[in-house]
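Everything on this sheet refers to the single structure shown next.
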Amino acid sequence: MKIGDKVSGTISGVQPYGVFVNLDNGEQGLIHISELKHGFVSNIESNYNVGDKVNVIVMGIDEYNGKISLSIRALEKKKIGRPILHKHFWTDYRNKIGYKTIAREKDQWIKTAMTAISKEKQKK
């Protein structure tokens, strides 16, 4: 087995951080929660169960301890949509803070920060 191989196995354990898989070749690997699917995994225990068969891709094999990192996400076609940044960017409409504000104010913020840094250096 090598990195990039598509293999199959059976889920042997489910933890808050990921899913353990007994591979068909007798080895065991871990699918980290970030490699289960594109996007946020809200409830790992309800989506993945011990005994389920899964197809995975080998993402890494630690040469010192033999741990195998697996991914289901790498087999999925990435959903096209708006960039993830848009989902998590906080906007305060009352104070008119958002993307346009950042673009408009960025140069002044940099100038202010550089002035403060310069003053700190002069004190030393």
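Worth pointing out:
- Inter-residue pairs, beta-carbon under 8 Å, first over 10 Å from Glu35 (Cβ atoms) and surrounded by fewer than 18 Cβ atoms within 10 Å (Cβ to Cβ) and in the range 60-73, second aliphatic (A, V, I, L, M) and at pLDDT 85 or above, 6+ apart: Gly60/Ile3; Gly60/Ile68; Ile61/Ile3; Ile61/Ile68; Asp62/Ile68; Lys67/Leu30; Lys67/Ile61
For every residue, the table says whether it meets (1) in contact with a Gly (Cβ under 8 Å, 6 or more places away or on another chain); (2) modelled with pLDDT under 90.
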| position | (1), (2) |
| --- | --- |
| Gly29 | yes, no |
| Phe40 | no, yes |
| Asn49 | no, no |
| Gly66 | no, yes |
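- The residues of the range 39-56 that are within 18 Å of Ser12 (Cβ to Cβ) and either in contact with a strand residue (DSSP E or B) (Cβ under 6 Å, 6 or more places away or on another chain) or touching a residue at least 24 places away in the same chain (Cβ under 8 Å) (or both), listed by number, are Ile44, Glu45, Tyr48, Asn49, Val50, Gly51, Asp52, Lys53, Val54, Asn55, Val56.
- The listed residues are Val41, Val19, and the only one of them that is touching a helix residue (DSSP H, G or I) at 6+ places or on another chain (Cβ under 6 Å), assigned by TED's automatic domain parsing to the domain that holds Ser69, surrounded by 13 or more Cβ atoms within 10 Å (Cβ to Cβ) and not acidic (Asp, Glu) turns out to be Val41.
- Residues in the range 22-38 that are within 11 Å of Val54 (Cα to Cα) and surrounded by fewer than 18 Cβ atoms within 10 Å (Cβ to Cβ): 2 in all.
- Flag: Ala103 does not match the condition of being part of a helix (DSSP H, G or I), farther than 30 Å from Lys6 by Cα, modelled with pLDDT of 80 or more and outside the structural domain of Lys37 (by TED's automatic domain parsing).
The values are calculated or read from the model by the stated rules, or taken from the named source; none is laboratory data. Since we're looking at a predicted model, the values are computed, not measured. Positions of Cβ are backbone-derived with ideal geometry, glycine not excepted, and every protein chain shown enters the neighbour counts.
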